Amino acid sequence: MQIHVTQAGETLAEIAERYGVSEARLRYDNQLAAGAGENPASQPGTEAAAQPETKAAPLAVGQALLVLEPERIYTVQPGDTLFGVAESQGISLGQLFRNNSWLLGEPTLAAGESLVIRYRGEPEFGLELSGYGYPFTQTAILQDAFLELRELQVFSYGFTPEGELIPPRNETAILQQAREFGLRPVLVLTPLGADGKFDSGRIRTAVENRAVQDRLLQRLEEAVEEKGYRGIDVDCEYIPVEIRDGYTALVGRIREQAAASGRTVSVALAPKTSREQKGLLYEGMDYRGLGEAADRVFLMTYEWGYTYGPPQAVAPLNKVRQVVEYARTEIPPQKMVLGLANYAYDWSLPFVKGESAALTVGNVEAARIAAENGAEIRWDGTAQSPTFTYRRAGVDHQVWFEDVRSWQAKLALAQEYGLYGAGVWNLLREFRPGWLLAGALVKRSGER
């Protein structure tokens, strides 16, 4: 695996030739196509090549491209099947799909296609990968992620002031997809109301009213059993400091109940850097207590750059490291999951506090914006994040986003500290190069 940073004047064809890979595969892996993606396995003059051409999106100077270098390739023969190719080449069907993910949308193999059987290099990171998914996310976007994930947090179940659950709409489809990919589905519990808004008052009620708490636990047990969830993730923010211990005890009760049926419980933690950190987001989060109450904790290591704040990196590595450094003084590292951001922000300039609001975009979309506007992407060495500025319709903009370099740095940090894994917030936006990077770096704990 290589990461190539585009220089001025370079073309995709020249970059592909430099690394000995096909231009189509480089375009597909980095989602550079401007329309529906072509089959990167097609070869000129073959049946598989008989399809409309797809124009590549322009490249931005400073854009990071993931380059996966095949070590062993198989050319599809007439009559070949997916099962047959995998068996004859001594790999699992799952690995065949991970190496050639477009096959998920292909009903049959076409003679002449070139399939990657093995890439150069072996994964070295011992991490478990997970991600938060919304039931309404596009199937194609989910599939790119599902090939690499081991666990899916389905976002989310809210609850009423009386302790009755409010399930997400249309969760059946995403649960079915997760099972088809062998993922472990996890029910995410949040204080969302029927209007889809967070209500911290519901947390207080669940903590202080034993009857409401008992009903909530009963409904959770019924839901995980009925839907087949294998775990529960408690994601409650802005915990009032006066109910801090009660909230920790609630998480402990949920875990005790879940453990009786062989399920696990995790809890999301705001990104603290010290025990006495001030602020509504932090004071109610008892890292040590919650780390003891739950099987795992999810560190929400993002949102330094946020919608209503000034332009800055969403998840600067120096800040992320500070959170992990503090967290490991309170919680065993093997219980921690490091949060990865799968989104970006586009700020209009000048930023005006109380008035400005950044536009949320995807990481792939951010790179396209840079290329389409002739912007040069700059790498911030301290934040270990890419950024650029551009001007459109007379307005200046600044964008901070994540790319394969910043994800690689965070996965390396999780490995460095011996964390349990890394989890992505969230799976709503496309980021195929990020998932392929994760697949190249992270060992699989078992085949599905």
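The values are calculated or read from the model by the stated rules, or taken from the named source; none is laboratory data. Just so it is clear, the structure is predicted and the values come from calculations on it, not from any experiment. Note: ideal-geometry Cβ built from the backbone for every residue, glycine included; neighbour counts use all protein chains shown.
Could you give every pair whose Cβ atoms fall below 7 Å, whose first residue belongs to segment 240-259 and is free of Cβ contacts under 8 Å to residues at least 40 places away in the same chain and in a helix (DSSP H, G or I), and whose second residue is exposed (fewer than 15 other Cβ atoms within 10 Å of the Cβ) and not small (Gly, Ala, Ser), counting only separations of at least 6 or pairs across chains?
Close Cβ pairs satisfying both conditions: Gly246/Glu208.
Could you count how many residues in segment 381-417 are buried (at least 16 other Cβ atoms within 10 Å of the Cβ) and of a type in the set (Asp, Glu)?
The total comes to 2.
Determine which single condition Phe181 fails, assuming it passes every other condition in (1) under 26 Å from Trp435 (Cβ atoms); (2) surrounded by fewer than 17 Cβ atoms within 10 Å (Cβ to Cβ).
Failed condition: (2).
Looking for whichever is in contact (Cβ under 8 Å) with a residue 40 or more places away in the chain, more than 20 Å from Gly62 (Cα to Cα) and either aliphatic (A, V, I, L, M) or assigned to a loop (DSSP other than H, G, I, E, B) (or both) here; the options are Ala414, Ala375, Ala367, Ala409. Which one fits? Before the answer, list the steps.
Details: Ala375 fails: more than 20 Å from Gly62 (Cα to Cα); Ala367 fails: more than 20 Å from Gly62 (Cα to Cα); Ala409 fails: more than 20 Å from Gly62 (Cα to Cα).
Exactly one residue qualifies, and that residue is Ala414.
For segment 1-10, how many residues meet the condition of being free of Cβ contacts under 8 Å to residues at least 60 places away in the same chain and surrounded by 16 or more Cβ atoms within 10 Å (Cβ to Cβ)?
Total meeting the criteria: 2.
Just for segment 312-345: of the residues that are over 22 Å from the mean Cα position of the chain (by Cα) and assigned to a loop (DSSP other than H, G, I, E, B), which one is farthest from Arg230 (Cα to Cα)?
Thr329
Restricting attention to segment 260-304, which residues are closer than 21 Å to Val241 by Cβ, assigned to a loop (DSSP other than H, G, I, E, B) and touching a Ser or Thr at 6+ places or on another chain (Cβ under 6 Å)?
Pro271, Asp286, Ala294
Report every pair of residues separated by at least 6 positions or lying on different chains whose Cβ atoms are under 8 Å apart, first residue within segment 11-24 and surrounded by 12 or more Cβ atoms within 10 Å (Cβ to Cβ), second among the polar types (S, T, N, Q).
Within 8 Å, the pairs are Ile15/Thr6; Ala16/Ser22; Tyr19/Gln2; Ser22/Ser114; Ala24/Asn39; Ala24/Ser42.
Would you say Val212 is assigned by TED's automatic domain parsing to the domain that holds Gln415 and either modelled with pLDDT under 95 or not in a helix (DSSP H, G or I) (or both)?
Here the answer is no, as Val212 does not meet what is asked.
Just to be sure I understand the filter: pairs with C-beta atoms under 8 Å, separated by 6 or more residues or on different chains, first member in segment 164-189 and within 21 Å of Ala258 (Cα to Cα) and free of Cβ contacts under 8 Å to residues at least 60 places away in the same chain, second member of a type in the set (Val, Ile, Thr) and surrounded by fewer than 22 Cβ atoms within 10 Å (Cβ to Cβ). Which pairs pass?
Ile166/Thr160; Leu187/Val224
Looking only at segment 302-319, decide whether some residue is crowded, with 21+ Cβ neighbours inside 10 Å and in contact with a helix residue (DSSP H, G or I) (Cβ under 6 Å, 6 or more places away or on another chain). Outline the logic, then answer.
To start, the set of residues in segment 302-319 that are crowded, with 21+ Cβ neighbours inside 10 Å comprises 302, 305, 313-316.
Filter again for in contact with a helix residue (DSSP H, G or I) (Cβ under 6 Å, 6 or more places away or on another chain), leaving none.
So far as segment 302-319 goes, no, none of its residues is crowded, with 21+ Cβ neighbours inside 10 Å and in contact with a helix residue (DSSP H, G or I) (Cβ under 6 Å, 6 or more places away or on another chain).
Under 21 Å from Val324 (Cβ atoms) and assigned by TED's automatic domain parsing to the domain that holds Trp407: does that describe Leu280? Reasoning before the result, please.
Details: under 21 Å from Val324 (Cβ atoms): no; assigned by TED's automatic domain parsing to the domain that holds Trp407: yes.
Judged against the criteria, Leu280 is not a match.
Output the residues belonging to segment 403-439 that are out of contact with any Lys or Arg (no Cβ under 9 Å at 6 or more places or on another chain) and hydroxyl-bearing (Ser, Thr, Tyr).
Ser406 - this is the single residue of segment 403-439 that is out of contact with any Lys or Arg (no Cβ under 9 Å at 6 or more places or on another chain) and hydroxyl-bearing (Ser, Thr, Tyr).
Looking only at residues in segment 85-99 that are polar (S, T, N, Q) and assigned to a helix (DSSP H, G or I), which one is surrounded by the most Cβ atoms within 10 Å (Cβ to Cβ)? Don't jump to the end; show me each part of the working.
Here is the first cut: in segment 85-99, the ones polar (S, T, N, Q) are 88-89, 92, 95, 99.
Next cut, assigned to a helix (DSSP H, G or I) only: 88-89, 95, 99.
Details: Ser88: 12, Gln89: 14, Gln95: 19, Asn99: 21.
Among those that are polar (S, T, N, Q) and assigned to a helix (DSSP H, G or I), it is Asn99.
How many residues, within segment 346-364, are under 19 Å from the mean Cα position of the chain (by Cα) and either on the phi > 0 side of the Ramachandran plot or in a loop (DSSP other than H, G, I, E, B) (or both)?
1
Is it the case that Pro123 is out of contact with any Phe, Trp or Tyr (no Cβ under 7 Å at 6 or more places or on another chain) and assigned to a loop (DSSP other than H, G, I, E, B)?
Values: out of contact with any Phe, Trp or Tyr (no Cβ under 7 Å at 6 or more places or on another chain): yes; assigned to a loop (DSSP other than H, G, I, E, B): yes.
Against the criterion (out of contact with any Phe, Trp or Tyr (no Cβ under 7 Å at 6 or more places or on another chain) and assigned to a loop (DSSP other than H, G, I, E, B)), Pro123 qualifies.
State yes or no: is Thr307 more than 19 Å from Tyr390 (Cα to Cα), part of a loop (DSSP other than H, G, I, E, B) and not assigned by TED's automatic domain parsing to the domain that holds Pro58?
Numbers: more than 19 Å from Tyr390 (Cα to Cα): no; part of a loop (DSSP other than H, G, I, E, B): yes; not assigned by TED's automatic domain parsing to the domain that holds Pro58: yes.
For Thr307, the condition - more than 19 Å from Tyr390 (Cα to Cα), part of a loop (DSSP other than H, G, I, E, B) and not assigned by TED's automatic domain parsing to the domain that holds Pro58 - is not met.
Assess whether Thr382 counts as being farther than 16 Å from Glu148 by Cα and out of contact with any helix residue (DSSP H, G or I) (no Cβ under 9 Å at 6 or more places or on another chain). Don't jump to the end; show me each part of the working.
On the way: farther than 16 Å from Glu148 by Cα: yes; out of contact with any helix residue (DSSP H, G or I) (no Cβ under 9 Å at 6 or more places or on another chain): no.
Considered against the rule, which asks whether it is farther than 16 Å from Glu148 by Cα and out of contact with any helix residue (DSSP H, G or I) (no Cβ under 9 Å at 6 or more places or on another chain), Thr382 comes out as no.
Go through segment 253-280 and count every residue that is surrounded by fewer than 17 Cβ atoms within 10 Å (Cβ to Cβ) and under 17 Å from Glu330 (Cα atoms).
5
State all residues of segment 108-136 that are closer than 20 Å to Ala24 by Cα and not polar (S, T, N, Q); if no residue qualifies, say none.
Of everything in segment 108-136, those that are closer than 20 Å to Ala24 by Cα and not polar (S, T, N, Q) turn out to be Leu109, Ala110, Ala111, Gly112, Glu113, Leu115, Val116, Ile117, Arg118, Tyr119, Arg120.
For segment 1-36, which positions are touching a Lys or Arg at 6+ places or on another chain (Cβ under 9 Å) and part of a helix (DSSP H, G or I)?
Across segment 1-36, the qualifying residues are Leu12, Ala16, Tyr28, Asp29.
Among Gly131, Gly163, Gly112, Gly158, which is within 16 Å of Arg179 (Cα to Cα), buried (at least 18 other Cβ atoms within 10 Å of the Cβ) and small (Gly, Ala, Ser)? If you could, list the steps in order and put the result at the bottom.
Details: Gly163 fails: within 16 Å of Arg179 (Cα to Cα); Gly112 fails: within 16 Å of Arg179 (Cα to Cα); Gly158 fails: within 16 Å of Arg179 (Cα to Cα).
Testing whether each residue is within 16 Å of Arg179 (Cα to Cα), buried (at least 18 other Cβ atoms within 10 Å of the Cβ) and small (Gly, Ala, Ser) leaves just Gly131.
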